[in-house]
Each structure stands twice: as C-alpha cells, then as structure tokens.
Amino acid sequence: QVQLVESGGGSVQPGGSLTLSCVASRSIPSYYTMNWYRQSAGEYRERVATLAIGGSETYADSVEGRFTISRDDSKNTLYLQMNDLKPEDTGVYFCKVETRFGPYWGQGTQVTVSS
C-alpha cells in the first residue's frame, strides 16, 4: 500500500505558473505508471499527464506544451510543472499511481486560475 500527498496548489493569475508535488509514502518502482488528473466543478475527473515506463510522457491536448510531468525517485516525489495557466485549468489536481495491486490516489490539491 502507498499513501500519496499532493501539495503546491493555490490561486494564480492567467499566464502564471505553479508546480504541484505528490509525495509517496514509499519508493515507487520506475515501471509503475504515474499520472496527474484534475477535476473541475461539475465535471468528470480527466487525466492531464502520464509518466510511464521508460520515462514516456503523454499529455492531454489541452495542456500539451504548457505542463510537464516529472519524478524524483530520491524524494519519492512526482511533479507537475504548469506554465501559462488558463482559467480552464482551474480544478482539484490528483496524483495516481498504478500498481499491480491496483491504483492509489492522493487527496488532491486545489488550483484556481483567475484574474
């Protein structure tokens, strides 16, 4: 079992940047896929970024070129660097780890983009 704790959310103006962190309670094998999702009010939770085996990165079209997913295994931490933020990026951001025992989710961190 693994616990995930997100942080780094907050309020920012359009065009601003934030870096989200997701700290795991134990080391995560590199072959486990790690993801960032977000959920806006009244919307389904959507995947925004994935970091898969071999370092393969994939992004939702809406964030491609603006968001970067990365990990630091020495700190058991997954990151999401978000640049050029837009109001439509507002939502609760969750990290998810896909393990052979099933998926694990964090509790989420709120990101609000507003002028």
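The values are calculated or read from the model by the stated rules, or taken from the named source; none is laboratory data. Keep in mind that what you see is a predicted model, and the values were worked out from it rather than measured. Glycine gets a Cβ as well: all are built from the backbone with ideal geometry, and neighbour counts include every protein chain shown. Each accessible area value is taken on the protein alone, full model and side chains, heavy atoms only, with ligands, DNA and RNA left out. Shrake-Rupley method; radii C 1.70, N 1.55, O 1.52, S 1.80 Å.
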Task: Meets criteria (open to solvent by 70 Å² or more (accessible area, probe 1.4 Å) and of a type in the set (Ser, Thr, Tyr)) for residue 40 - done: no
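Going through 93, 104 one at a time, which residue ends up being in a strand (DSSP E or B) and in contact with an Asp or Glu (Cβ under 7 Å, 6 or more places away or on another chain)? Steps first, answer last, please.
Working: 104 fails: in contact with an Asp or Glu (Cβ under 7 Å, 6 or more places away or on another chain).
From the options 93, 104, the qualifying one is 93.
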TODO: Take the range 78-90 and flag every residue that is under 11 Å from the mean Cα position of the chain (by Cα) and hydroxyl-bearing (Ser, Thr, Tyr).
DONE: 79
Task: Filter result (buried (at least 16 other Cβ atoms within 10 Å of the Cβ) and either part of a strand (DSSP E or B) or at pLDDT below 95 (or both)) within the range 1-22 - done: 4, 6, 12, 18, 20, 21, 22
